[in-house]
Amino acid sequence: MIEVKGLYSRIGGRTILNDINMRIERGTFTAILGRNGSGKSTLAKHLNGLMIPKEGSVTVDGIPTSDEERIFDIREKVGIVFQNPESQAAAAIVEDDTAFGPENLGLDAEEIAQRTEFALKETGIYHLRRRPINELSGGQKQLAAIAGILAMKPRYIVFDESTSMLDPISRKKVISCARRLKSELNMSVIWITHYMEEAALSDRIMIMDGGRITADAPPAEIFSDPEMTEESGLCLPPCAKLCQMLKKSGLPIQRTALDADGCADIIYKLMKGDTK
Ligand SMILES: Nc1ncnc2c1ncn2[C@@H]1O[C@H](COP(=O)(O)OP(=O)(O)O)[C@@H](O)[C@H]1O
Ligand SMILES: [Mg+2]
(Lines give C-alpha, C1' and ligand atoms only; values in the text may rest on other atoms or scores of the structure.)
(Ligands and ions follow the chains in the order given, each with its own letter.)
Protein backbone atom coordinates (compact mmCIF):
# COMPACT_ATOMS: atom_id res chain seq x y z
CA MET A 1 0.00 0.00 0.00
CA ILE A 2 1.05 3.58 -0.64
CA GLU A 3 0.01 5.80 2.22
CA VAL A 4 0.13 9.61 2.14
CA LYS A 5 -0.49 11.40 5.42
CA GLY A 6 -0.78 15.15 6.02
CA LEU A 7 1.37 15.95 2.98
CA TYR A 8 2.11 19.59 2.21
CA SER A 9 4.38 20.92 -0.52
CA ARG A 10 5.38 24.55 -0.73
CA ILE A 11 7.33 26.25 -3.49
CA GLY A 12 8.50 29.82 -2.99
CA GLY A 13 5.90 30.54 -0.32
CA ARG A 14 3.03 29.04 -2.36
CA THR A 15 1.22 25.97 -1.08
CA ILE A 16 1.17 23.49 -3.96
CA LEU A 17 -0.09 20.47 -1.99
CA ASN A 18 -2.39 21.18 0.91
CA ASP A 19 -2.90 18.40 3.47
CA ILE A 20 -3.07 15.39 1.14
CA ASN A 21 -4.22 12.16 2.80
CA MET A 22 -4.78 9.03 0.75
CA ARG A 23 -4.15 5.32 0.45
CA ILE A 24 -3.51 3.34 -2.68
CA GLU A 25 -4.13 -0.38 -2.16
CA ARG A 26 -2.45 -3.17 -4.13
CA GLY A 27 -4.20 -4.23 -7.34
CA THR A 28 -6.41 -1.16 -7.79
CA PHE A 29 -6.92 1.32 -10.64
CA THR A 30 -7.16 4.85 -9.27
CA ALA A 31 -7.68 7.92 -11.43
CA ILE A 32 -6.50 11.31 -10.24
CA LEU A 33 -8.37 14.05 -12.07
CA GLY A 34 -7.79 17.77 -11.90
CA ARG A 35 -7.36 20.88 -14.00
CA ASN A 36 -3.91 22.19 -14.96
CA GLY A 37 -1.95 23.43 -11.98
CA SER A 38 -4.04 21.55 -9.40
CA GLY A 39 -0.96 19.73 -8.06
CA LYS A 40 -1.28 16.31 -9.74
CA SER A 41 2.32 16.07 -10.98
CA THR A 42 3.69 17.35 -7.69
CA LEU A 43 1.75 14.59 -5.92
CA ALA A 44 2.96 12.00 -8.47
CA LYS A 45 6.59 12.94 -7.84
CA HIS A 46 6.07 12.42 -4.11
CA LEU A 47 4.83 8.87 -4.67
CA ASN A 48 8.21 7.48 -5.76
CA GLY A 49 10.59 9.74 -3.91
CA LEU A 50 11.39 12.14 -6.77
CA MET A 51 10.17 14.70 -4.24
CA ILE A 52 10.54 14.09 -0.51
CA PRO A 53 7.96 15.42 1.96
CA LYS A 54 9.08 18.26 4.18
CA GLU A 55 5.73 18.20 5.97
CA GLY A 56 3.73 14.98 6.26
CA SER A 57 4.76 11.55 5.05
CA VAL A 58 4.59 9.14 2.14
CA THR A 59 5.21 5.45 2.75
CA VAL A 60 5.37 2.68 0.18
CA ASP A 61 4.68 -0.79 1.62
CA GLY A 62 5.73 0.64 4.97
CA ILE A 63 8.96 2.31 3.77
CA PRO A 64 9.01 6.10 4.17
CA THR A 65 10.22 7.84 0.99
CA SER A 66 12.32 10.05 3.27
CA ASP A 67 14.51 7.05 4.16
CA GLU A 68 17.52 7.86 1.95
CA GLU A 69 18.99 4.40 2.32
CA ARG A 70 15.87 2.79 0.86
CA ILE A 71 15.24 5.18 -2.00
CA PHE A 72 16.17 2.53 -4.57
CA ASP A 73 13.63 0.12 -3.03
CA ILE A 74 11.00 2.85 -3.40
CA ARG A 75 11.94 3.54 -7.04
CA GLU A 76 11.81 -0.19 -7.76
CA LYS A 77 8.31 -0.44 -6.31
CA VAL A 78 6.83 2.71 -7.88
CA GLY A 79 7.41 3.57 -11.54
CA ILE A 80 6.25 6.73 -13.30
CA VAL A 81 5.42 7.16 -16.99
CA PHE A 82 5.56 10.86 -17.83
CA GLN A 83 3.75 12.98 -20.36
CA ASN A 84 6.41 13.50 -22.98
CA PRO A 85 7.22 10.35 -24.99
CA GLU A 86 10.40 12.01 -26.28
CA SER A 87 12.25 12.39 -23.01
CA GLN A 88 12.12 9.07 -21.20
CA ALA A 89 14.54 6.77 -23.05
CA ALA A 90 17.86 5.79 -21.52
CA ALA A 91 19.29 3.94 -24.57
CA ALA A 92 19.05 4.18 -28.36
CA ILE A 93 17.61 0.72 -29.14
CA VAL A 94 14.30 -0.47 -27.71
CA GLU A 95 15.50 -3.66 -26.01
CA ASP A 96 18.60 -1.95 -24.56
CA ASP A 97 16.34 0.72 -23.13
CA THR A 98 14.06 -1.90 -21.56
CA ALA A 99 17.08 -3.70 -20.10
CA PHE A 100 18.54 -0.52 -18.63
CA GLY A 101 16.57 -0.62 -15.36
CA PRO A 102 17.22 -4.29 -14.52
CA GLU A 103 20.90 -3.84 -15.44
CA ASN A 104 21.11 -1.06 -12.89
CA LEU A 105 19.59 -3.37 -10.30
CA GLY A 106 22.68 -5.56 -10.77
CA LEU A 107 20.68 -8.64 -11.82
CA ASP A 108 22.34 -11.53 -13.67
CA ALA A 109 22.23 -11.68 -17.47
CA GLU A 110 19.58 -14.40 -17.65
CA GLU A 111 17.20 -12.56 -15.33
CA ILE A 112 17.73 -9.33 -17.31
CA ALA A 113 16.96 -11.12 -20.59
CA GLN A 114 13.83 -12.72 -19.10
CA ARG A 115 12.52 -9.48 -17.68
CA THR A 116 13.20 -7.61 -20.93
CA GLU A 117 11.33 -10.20 -22.96
CA PHE A 118 8.43 -10.23 -20.49
CA ALA A 119 8.13 -6.42 -20.49
CA LEU A 120 8.31 -6.09 -24.28
CA LYS A 121 5.69 -8.83 -24.77
CA GLU A 122 3.39 -7.42 -22.11
CA THR A 123 3.40 -3.98 -23.77
CA GLY A 124 2.98 -5.49 -27.25
CA ILE A 125 6.21 -4.08 -28.73
CA TYR A 126 8.35 -7.24 -28.77
CA HIS A 127 8.40 -7.07 -32.59
CA LEU A 128 9.99 -3.59 -32.33
CA ARG A 129 12.77 -4.69 -29.96
CA ARG A 130 15.67 -4.06 -32.34
CA ARG A 131 14.40 -0.73 -33.62
CA PRO A 132 15.94 2.62 -32.69
CA ILE A 133 13.64 4.40 -30.26
CA ASN A 134 13.78 7.63 -32.24
CA GLU A 135 12.12 5.87 -35.19
CA LEU A 136 9.06 4.87 -33.13
CA SER A 137 5.75 6.75 -33.08
CA GLY A 138 4.78 8.71 -29.97
CA GLY A 139 2.49 5.90 -28.82
CA GLN A 140 5.18 3.26 -29.36
CA LYS A 141 7.65 5.41 -27.38
CA GLN A 142 5.20 5.53 -24.47
CA LEU A 143 4.82 1.73 -24.65
CA ALA A 144 8.64 1.50 -24.60
CA ALA A 145 8.69 3.75 -21.52
CA ILE A 146 6.15 1.42 -19.87
CA ALA A 147 8.27 -1.62 -20.84
CA GLY A 148 11.31 -0.02 -19.20
CA ILE A 149 9.33 0.34 -16.00
CA LEU A 150 7.74 -3.13 -16.14
CA ALA A 151 11.18 -4.71 -16.43
CA MET A 152 11.82 -3.36 -12.92
CA LYS A 153 8.78 -5.40 -11.72
CA PRO A 154 7.19 -2.54 -9.81
CA ARG A 155 4.04 -2.96 -7.72
CA TYR A 156 2.73 0.50 -8.50
CA ILE A 157 2.80 2.42 -11.74
CA VAL A 158 1.85 6.08 -12.09
CA PHE A 159 0.82 7.44 -15.49
CA ASP A 160 1.13 11.24 -15.36
CA GLU A 161 -0.92 12.50 -18.34
CA SER A 162 0.90 9.84 -20.36
CA THR A 163 -1.58 9.91 -23.24
CA SER A 164 -2.00 13.66 -23.60
CA MET A 165 0.50 13.96 -26.45
CA LEU A 166 -0.74 10.90 -28.34
CA ASP A 167 -3.19 10.42 -31.20
CA PRO A 168 -6.49 8.61 -30.35
CA ILE A 169 -5.35 5.15 -31.48
CA SER A 170 -2.08 5.31 -29.53
CA ARG A 171 -4.02 6.61 -26.55
CA LYS A 172 -6.27 3.56 -26.62
CA LYS A 173 -3.26 1.23 -26.81
CA VAL A 174 -1.57 2.84 -23.80
CA ILE A 175 -4.82 2.82 -21.79
CA SER A 176 -5.55 -0.82 -22.58
CA CYS A 177 -1.97 -1.71 -21.63
CA ALA A 178 -2.46 0.06 -18.28
CA ARG A 179 -5.70 -1.84 -17.69
CA ARG A 180 -3.99 -5.18 -18.40
CA LEU A 181 -1.29 -4.33 -15.83
CA LYS A 182 -4.02 -4.22 -13.23
CA SER A 183 -6.19 -7.09 -14.39
CA GLU A 184 -3.47 -9.56 -15.40
CA LEU A 185 -0.49 -8.62 -13.25
CA ASN A 186 -2.43 -7.32 -10.22
CA MET A 187 -0.41 -4.10 -10.25
CA SER A 188 -1.74 -0.85 -8.79
CA VAL A 189 -2.28 1.74 -11.48
CA ILE A 190 -2.52 5.43 -10.68
CA TRP A 191 -3.86 7.17 -13.75
CA ILE A 192 -3.46 10.95 -13.75
CA THR A 193 -5.44 12.83 -16.36
CA HIS A 194 -7.67 15.79 -17.03
CA TYR A 195 -9.87 13.76 -19.39
CA MET A 196 -12.91 12.59 -17.45
CA GLU A 197 -13.70 9.86 -19.95
CA GLU A 198 -10.33 8.21 -19.24
CA ALA A 199 -11.11 8.27 -15.54
CA ALA A 200 -14.43 6.52 -16.18
CA LEU A 201 -12.51 3.25 -16.54
CA SER A 202 -11.08 3.36 -13.02
CA ASP A 203 -12.24 1.74 -9.76
CA ARG A 204 -12.03 5.04 -7.97
CA ILE A 205 -11.60 8.70 -8.87
CA MET A 206 -9.86 11.32 -6.78
CA ILE A 207 -10.32 14.92 -7.85
CA MET A 208 -7.66 17.50 -7.05
CA ASP A 209 -8.21 21.22 -7.01
CA GLY A 210 -5.91 23.91 -5.63
CA GLY A 211 -3.56 21.34 -4.09
CA ARG A 212 -6.31 19.51 -2.20
CA ILE A 213 -8.24 16.31 -2.78
CA THR A 214 -11.79 17.56 -3.19
CA ALA A 215 -13.53 14.27 -4.00
CA ASP A 216 -12.79 10.55 -3.68
CA ALA A 217 -15.48 8.16 -4.94
CA PRO A 218 -16.31 5.55 -7.61
CA PRO A 219 -16.78 6.95 -11.16
CA ALA A 220 -20.58 6.60 -11.25
CA GLU A 221 -20.86 8.74 -8.14
CA ILE A 222 -18.43 11.39 -9.41
CA PHE A 223 -20.16 11.65 -12.78
CA SER A 224 -23.59 12.00 -11.25
CA ASP A 225 -22.57 15.29 -9.65
CA PRO A 226 -22.01 17.55 -12.67
CA GLU A 227 -21.88 20.74 -10.61
CA MET A 228 -19.06 19.48 -8.44
CA THR A 229 -17.02 18.33 -11.43
CA GLU A 230 -17.56 21.60 -13.28
CA GLU A 231 -16.52 23.57 -10.18
CA SER A 232 -13.27 21.59 -10.26
CA GLY A 233 -12.70 22.75 -13.84
CA LEU A 234 -13.53 19.39 -15.41
CA CYS A 235 -15.79 18.59 -18.36
CA LEU A 236 -18.19 15.69 -18.11
CA PRO A 237 -17.62 12.95 -20.72
CA PRO A 238 -19.90 13.61 -23.73
CA CYS A 239 -22.20 10.67 -22.89
CA ALA A 240 -22.66 11.77 -19.29
CA LYS A 241 -23.29 15.33 -20.53
CA LEU A 242 -25.94 14.08 -22.97
CA CYS A 243 -27.76 12.18 -20.17
CA GLN A 244 -27.61 15.25 -17.98
CA MET A 245 -29.03 17.50 -20.73
CA LEU A 246 -31.85 15.06 -21.53
CA LYS A 247 -32.70 14.87 -17.84
CA LYS A 248 -32.65 18.67 -17.56
CA SER A 249 -35.05 18.93 -20.48
CA GLY A 250 -37.53 16.86 -18.49
CA LEU A 251 -37.03 13.27 -19.65
CA PRO A 252 -37.35 10.69 -16.87
CA ILE A 253 -33.71 9.57 -16.78
CA GLN A 254 -32.42 8.24 -13.44
CA ARG A 255 -28.99 6.98 -14.42
CA THR A 256 -25.85 8.47 -15.91
CA ALA A 257 -24.02 6.74 -18.74
CA LEU A 258 -20.25 6.94 -18.88
CA ASP A 259 -19.86 5.62 -22.41
CA ALA A 260 -21.73 5.26 -25.71
CA ASP A 261 -23.03 1.74 -24.87
CA GLY A 262 -24.52 2.90 -21.59
CA CYS A 263 -25.99 5.95 -23.25
CA ALA A 264 -27.57 3.90 -26.05
CA ASP A 265 -29.05 1.56 -23.42
CA ILE A 266 -30.67 4.45 -21.52
CA ILE A 267 -32.11 6.01 -24.67
CA TYR A 268 -33.36 2.67 -25.99
CA LYS A 269 -35.12 1.85 -22.72
CA LEU A 270 -36.54 5.35 -22.54
CA MET A 271 -38.01 5.00 -26.01
CA LYS A 272 -39.58 1.67 -25.01
CA GLY A 273 -41.09 3.34 -21.97
CA ASP A 274 -38.78 1.71 -19.40
CA THR A 275 -37.40 4.46 -17.14
CA LYS A 276 -35.47 2.35 -14.60
N1 LIG B 1 9.32 23.70 -9.81
C2 LIG B 1 8.31 24.55 -9.64
N3 LIG B 1 8.53 25.86 -9.37
C4 LIG B 1 7.51 26.72 -9.18
N5 LIG B 1 6.21 26.37 -9.24
C6 LIG B 1 5.93 25.09 -9.51
C7 LIG B 1 6.94 24.11 -9.73
N8 LIG B 1 6.35 22.92 -9.98
C9 LIG B 1 5.02 23.15 -9.91
N10 LIG B 1 4.77 24.45 -9.64
C11 LIG B 1 3.44 25.04 -9.50
O12 LIG B 1 2.67 24.19 -8.69
C13 LIG B 1 1.33 24.11 -9.14
C14 LIG B 1 0.96 22.67 -9.36
O15 LIG B 1 1.72 22.16 -10.45
P16 LIG B 1 1.60 20.67 -10.95
O17 LIG B 1 1.80 19.75 -9.81
O18 LIG B 1 2.50 20.52 -12.11
O19 LIG B 1 0.06 20.62 -11.39
P20 LIG B 1 -0.67 19.69 -12.48
O21 LIG B 1 0.19 18.50 -12.73
O22 LIG B 1 -1.98 19.36 -11.83
O23 LIG B 1 -0.89 20.53 -13.70
C24 LIG B 1 1.26 24.97 -10.39
O25 LIG B 1 0.72 26.21 -10.03
C26 LIG B 1 2.70 25.12 -10.83
O27 LIG B 1 2.90 26.35 -11.45
MG1 LIG C 1 0.92 17.67 -14.48
> So is N48 polar (S, T, N, Q), modelled with pLDDT under 95 and more than 13 Å from ligand 2 (Cβ to nearest atom) or not?
Replying inline: yes
>> If K40 meets every condition in (1) surrounded by 15 or more Cβ atoms within 10 Å (Cβ to Cβ); (2) away from ligand 2 (no atom under 16 Å from the Cβ); (3) among the basic types (K, R) apart from one, which number is that one?
In response: (2)
>> Please go through the range 24-34 and give me each residue that is more than 10 Å from ligand 2 (Cβ to nearest atom) and assigned to a loop (DSSP other than H, G, I, E, B), ordered by number.
In response: E25, R26, G27, T28
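Can you name the residue in the range 186-196 that is away from ligand 2 (no atom under 14 Å from the Cβ) and surrounded by 17 or more Cβ atoms within 10 Å (Cβ to Cβ) and is also farthest from S41 (Cα to Cα) among such residues?
At the first step, the residues of the range 186-196 found to be away from ligand 2 (no atom under 14 Å from the Cβ) are 186-189, 196.
If we keep only those that are surrounded by 17 or more Cβ atoms within 10 Å (Cβ to Cβ) as well, we get 187-189, 196.
Details: M187: 20, S188: 18, V189: 15, M196: 17 Å.
Per the stated criteria, the residue is M187.
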> When the range 141-183 is examined, which residues are found to be surrounded by fewer than 20 Cβ atoms within 10 Å (Cβ to Cβ), part of a helix (DSSP H, G or I) and among the polar types (S, T, N, Q)?
Replying inline: S170, S176, S183
> Exactly one of (1) within 16 Å of ligand 2 (Cβ to nearest atom); (2) farther than 25 Å from N104 by Cα; (3) at pLDDT 85 or above is unmet by M165. Its number?
Replying inline: (3)
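Let's see how each residue does on (1) free of Cβ contacts under 8 Å to residues at least 12 places away in the same chain; (2) among the aliphatic types (A, V, I, L, M):
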site: G13; (1), (2): yes, no
site: N18; (1), (2): no, no
site: N21; (1), (2): no, no
site: I24; (1), (2): no, yes
site: N36; (1), (2): no, no
site: L43; (1), (2): no, yes
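Restricting the range 1-11 to residues that are without any contact (Cβ under 8 Å) to a residue 60 or more places away in the chain and either among the hydroxyl-bearing types (S, T, Y) or within 16 Å of ligand 2 (Cβ to nearest atom) (or both), which is surrounded by the fewest Cβ atoms within 10 Å (Cβ to Cβ)? Give the derivation first.
Residues of the range 1-11 that are without any contact (Cβ under 8 Å) to a residue 60 or more places away in the chain, as a first pass: 3-8, 10-11.
Filter once more, keeping what is either among the hydroxyl-bearing types (S, T, Y) or within 16 Å of ligand 2 (Cβ to nearest atom) (or both): 8, 11.
Details: Y8: 15, I11: 9.
Of everything passing the filter in the range 1-11, I11 is surrounded by the fewest Cβ atoms within 10 Å (Cβ to Cβ).
Output yes when any residue across the range 75-86 is surrounded by fewer than 16 Cβ atoms within 10 Å (Cβ to Cβ), farther than 21 Å from A144 by Cα and either within 16 Å of ligand 2 (Cβ to nearest atom) or touching a residue at least 12 places away in the same chain (Cβ under 8 Å) (or both), and no when none is.
Taking the range 75-86 first, the residues surrounded by fewer than 16 Cβ atoms within 10 Å (Cβ to Cβ) are 84, 86.
Narrowing the set further to residues that are farther than 21 Å from A144 by Cα leaves none.
No: zero hits.
Just checking, does the range 171-191 include any residue being among the β-branched types (V, I, T) and over 29 Å from E3 (Cβ atoms)?
Scanning the range 171-191, I find no residue that is among the β-branched types (V, I, T) and over 29 Å from E3 (Cβ atoms), so the answer is no.
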>> Looking for something closer than 30 Å to P168 by Cβ, away from ligand 1 (no atom under 16 Å from the Cβ), hydroxyl-bearing (S, T, Y) and part of a loop (DSSP other than H, G, I, E, B) - is there at least one such residue anywhere in the range 83-105?
In response: no
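A quick yes/no check of all residues on (1) polar (S, T, N, Q); (2) at pLDDT below 90; (3) exposed (fewer than 13 other Cβ atoms within 10 Å of the Cβ); (4) over 17 Å from R35 (Cα atoms):
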position: F223; (1), (2), (3), (4): no, yes, no, no
position: E227; (1), (2), (3), (4): no, yes, yes, no
position: E230; (1), (2), (3), (4): no, yes, yes, no
position: L236; (1), (2), (3), (4): no, yes, no, no
position: C239; (1), (2), (3), (4): no, yes, no, yes
position: Q244; (1), (2), (3), (4): yes, yes, no, yes
position: L258; (1), (2), (3), (4): no, yes, no, yes
> Of the residues in the range 11-26, how many are more than 10 Å from ligand 1 (Cβ to nearest atom) and touching a strand residue (DSSP E or B) at 6+ places or on another chain (Cβ under 9 Å)?
Replying inline: 9
> Is there any pair linking a residue in the range 188-208 that is in the same structural domain as A260 (by TED's automatic domain parsing) and under 18 Å from P226 (Cβ atoms) to one that is assigned to a loop (DSSP other than H, G, I, E, B) and at pLDDT below 95, with Cβ under 7 Å and at least six apart or on different chains, and which?
Replying inline: none
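The values are calculated or read from the model by the stated rules, or taken from the named source; none is laboratory data. Everything numeric in this text was worked out from a predicted model, so none of it was measured. Note that we place each Cβ from the backbone using ideal geometry, even for glycine, and neighbour counts take in every protein chain shown.
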